[in-house]
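First comes the structure, then the notes that go with it.
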Number of protein chains: 2
Amino acid sequence: MADRLPTRWQPRHALCLVTDGSLCAPRTLVEVVSAALQGGVGMVQLREKKLDSRAFVERARAIQALTASAGVPLVINDRLDIALVVGADGLHVGQSDLSVADVRLWLPDALVGLSIESMADLLAAPAGVDYLGVSPVFATATKADAAAALGLEGLAAIRAATRLPLVAIGGIGAHNARAVLRHGADSLAVVSAICAAADPRAAAAELAGCIESESNSRPS
Amino acid sequence: MADRLPTRWQPRHALCLVTDGSLCAPRTLVEVVSAALQGGVGMVQLREKKLDSRAFVERARAIQALTASAGVPLVINDRLDIALVVGADGLHVGQSDLSVADVRLWLPDALVGLSIESMADLLAAPAGVDYLGVSPVFATATKADAAAALGLEGLAAIRAATRLPLVAIGGIGAHNARAVLRHGADSLAVVSAICAAADPRAAAAELAGCIESESNSRPS
């Protein structure tokens, strides 16, 4: 993998791991992320909703050591301060997080991702976004406050309405990964399919393989 | 009050309001802060542990309109990102929040306060702190994870060991305010004594009066 990330790395044809430390137990998050990177994860989004700020920084720095070594971007979920303090590659925000405009003032050159959960969210999406997280494609138990599932047709409708890279998330696994890609996702993001997998490296490799073979079969 | 804050405003002889929106109900936080500022609060620390980031920013901007108008500093609790985005006057961190060193890189000129709960915390306090929050002086039900009460003697011991401004907090009200000041506190911070008061303006005025009369009776 590359030693340095290209400027404005774009999450096309990438497997993104969104972390959930509780699903990793009894393994540590570092162990699971390390295995997932070996399996072919191309972006890590660190999501922590319960950690104190200091512990979040410590965890981010531990994960950053892995992603930097793998040449893969580390994106922090929600917390601009953590992204700034650790010098993360990017920040991913949801509809109730900081606005993209506020984020861009402090992270002019970093990757900024925005979650959208509907066509209305897409139409309201501001400038300055590098990629869209489209969620949830399928029903998921991982995110307690997730909206109604978009389904493959909902994903396809969003695909038809934007040229921004789409990272699909929500209930995605090896059994449906190809269908999601064929309905317009550029990249796939998973939580439980890797964090809860018996073999996170193998799970990542299988999903990364789906993305690679699908991207090779598409004209773009 | 002053139109502009002096550089590195020091919280000496000030009444600090640390917010708890739930204690303000059925009044809004804006209503209570507004009344408290009229009563003589000299610093507001906005503490929100449950709000989404976007709602936190919105609330901070609403409170900032009040503090700016009153010429009083607004300090954000814990969240450096919120402080940066709204341009707050300062940040207050606890022992499990971001480190002062990390904060200072992003807020070189703002007020930075650090909570200490023991003599050991004082001895470990880093450079770059503008004031120390000493907590809890007395037992308090406001902060679920508060340490054991220091008592007046514990406060006095910390006073003897540092020249930094001390803002005492924890179980302080009009009934014990003078004793806290006489044991070394430069300033007093309260949560429930104002947020839960039937008349927040009058409660603030009574506490501010205690601070003013005590500071006038001391040589420094």
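The values are calculated or read from the model by the stated rules, or taken from the named source; none is laboratory data. The structure displayed is predicted, hence computed values, not measured ones. Note that we place each Cβ from the backbone using ideal geometry, even for glycine, and neighbour counts take in every protein chain shown. Heavy atoms of the whole protein, side chains included, go into the accessibility calculation; ligands, DNA and RNA do not. Shrake-Rupley method; radii C 1.70, N 1.55, O 1.52, S 1.80 Å.
Between copies, the label points of A:Ala157, set 7 Å from Cα on the Cα→Cβ line, lie 6.6 nm apart, reported in increasing order to one decimal in nanometres. A 1.4 Å probe, protein heavy atoms only, puts the accessible area of A:His183 near 50 Å². Ligands, DNA and RNA are left out, and with a 1.4 angstrom probe the accessible area of the protein assembly as shown is 42 Å² per residue. For the pair segment B:32-108 / segment A:105-162, the C-alpha centres are spaced 30 Å from each other. Pair-distance distribution P(r) for segment B:15-215, from all Cα-Cα distances in 5 Å bins starting at 0: 1, 8, 17, 20, 22, 17, 10, 3, 0 percent.
Taking the 1.4 Å solvent-accessible surface of segment B:15-215 as the whole, the part contributed by carbon and sulfur is 54%. Normalising the average separation of contacting C-alpha pairs (under 8 angstrom, six or more residues apart) by the number of residues puts the relative contact order of chain A at 24 percent.
Looking at segment B:15-215 alone, DSSP beta bridges between its own residues are antiparallel in about 0 percent of cases. Of all aspartates and glutamates in the structure, the ones whose alpha carbon falls short of 14 Å from that of A:Lys143, not counting any fewer than 8 places away in one chain, are A:Asp20, A:Glu48, A:Glu117.
Using a 7 Å projection from Cα along Cα-to-Cβ, the label point at A:Glu58 is separated from the same position in the remaining copies by 3.5 nm, smallest value first. For the protein assembly as shown, pairs of C-alpha atoms spaced more than 32 angstrom apart make up 44 percent of the total. With each label modelled as a point 7 angstrom along the Cα→C-beta vector, the B:Arg61-A:Glu31 pair spans 4.6 nm. Quote the total accessible area buried by chains B and A together, excluding ligands, DNA and RNA, probe 1.4 Å, nearest 100 Å². Counting protein atoms only, the buried area is about 1700 Å². Per the rotation superposing chains A and B, the chain A residue found at the smallest beta carbon distance from the axis is A:Asp81, 2, distance in Å.
Dipole size of segment A:15-215 about its Cα centre, with +1 on Lys/Arg Cβ and -1 on Asp/Glu Cβ: approximately 180 debye, rounded to the nearest 20.
A:Arg218 sits with roughly 70 Å² accessible to a 1.4 Å probe, with DNA, RNA and ligands left out of the calculation. Taking a label point 7 Å from Cα toward Cβ, how far is A:Met119 from its twins in the other copies, in nm, shortest first? Nearest first, the other copies' label points are 6.9 nm away.
At a 1.4 Å probe radius, which order do A:Thr162, B:Thr140, B:Thr67 fall into by accessible area, largest first? Don't skip to the answer; put the middle values down first.
Values: A:Thr162 25, B:Thr140 50, B:Thr67 0 Å².
Sorted descending by solvent-accessible area, the residues read B:Thr140, A:Thr162, B:Thr67.
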